[in-house]
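The block underneath contains the structure these notes are about, expressed in structure tokens.
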């Protein structure tokens, strides 16, 4: 199947359509969408098999990434970019993917633990993980505790 992305005037992807491989060439697909499907707008071909500037089967990558709803088309680079998850993220020019401005800490995360309670069959499960905090533009270690009921033998 051939894939096409509809781009609005701000170069935001607003729709993605699959059509027959009979219209694999970009101009043929655009004509099919406009004249046969009767859907106006600006449509650009996108490759389902391209991600991070690489083709997953070793073929020639096309437009950097497969188009994503809410993502953007960069006409200068002629690539599709994923929607930016956080304002502080920066574009990796090689992979065409958004990266955190601060690397994930190398510190070891404590393993999950179970804390026994004085109630039979009830434990507290504690797990920690690094999460991105956009307010401080850095990673922070966050631990969560949940009460779990376990079967009694």
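Before moving on, here are some points about what is shown:
Residues are listed down the side, and each one gets a yes or a no for (1) surrounded by fewer than 11 Cβ atoms within 10 Å (Cβ to Cβ); (2) farther than 16 Å from residue 12 by Cα; (3) free of Cβ contacts under 8 Å to residues at least 24 places away in the same chain:
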residue	(1), (2), (3)
62	no, yes, yes
72	no, no, no
77	no, no, yes
84	no, no, yes
119	yes, yes, yes
124	no, yes, no
132	no, yes, no
135	yes, yes, yes
139	no, yes, no
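- Scanning segment 70-89 for residues that are closer than 28 Å to residue 102 by Cβ and part of a loop (DSSP other than H, G, I, E, B) yields 70, 71, 76, 77, 82, 83, 84, 85, 86, 87, 88, 89.
- Meets criteria (within 24 Å of residue 131 (Cα to Cα), in a loop (DSSP other than H, G, I, E, B) and either in contact (Cβ under 8 Å) with a residue 40 or more places away in the chain or out of contact with any helix residue (DSSP H, G or I) (no Cβ under 9 Å at 6 or more places or on another chain) (or both)) for residue 114: no
- Residues of segment 1-59 that turn out to be crowded, with 19+ Cβ neighbours inside 10 Å and out of contact with any strand residue (DSSP E or B) (no Cβ under 9 Å at 6 or more places or on another chain), as a count: 0
- Total residues in segment 7-37 satisfying the condition of being touching a helix residue (DSSP H, G or I) at 6+ places or on another chain (Cβ under 7 Å) and over 30 Å from residue 84 (Cβ atoms): the figure is 2.
Coordinate-derived values only; no laboratory data. These figures come from a predicted structure and were not determined experimentally. Cβ: placed from backbone, ideal geometry, glycine included. Neighbour counts: every protein chain shown.
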